[in-house]
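The values are calculated or read from the model by the stated rules, or taken from the named source; none is laboratory data. Note that the structure is predicted; figures quoted are calculated from it, not measured. So basically every Cβ, Gly included, is an ideal-geometry build from the backbone, and we count neighbours across all protein chains shown.
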Amino acid sequence: MNRNERLHKEAVSLWRALSADPPPRGLRGARLLDAALHLKLADQYDRIHSPHLRASQIVRPR
């Protein structure tokens, strides 16, 4: 799997986590990722879910 395929796979995964709608047709990779990042504000979305991390171990941008 090359870089572009990995980027597209991650963008689709993020889109599905943020929206019940399917990803827009014609958007792939970086363009789809950009569209997905505009679906919600960062404080409305928390993608870090791990039983091995405590909240105090996660550093977020301010």
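Taking the range 37-56 as the range and being at pLDDT 65 or above and assigned to a helix (DSSP H, G or I) as the test, the residues that pass are L37, Q44, A55, S56. Looking across the range 15-27 at every residue that is surrounded by 13 or more Cβ atoms within 10 Å (Cβ to Cβ) and in contact (Cβ under 8 Å) with a residue 24 or more places away in the chain, the one that is farthest from N2 (Cα to Cα) is identified as L18.
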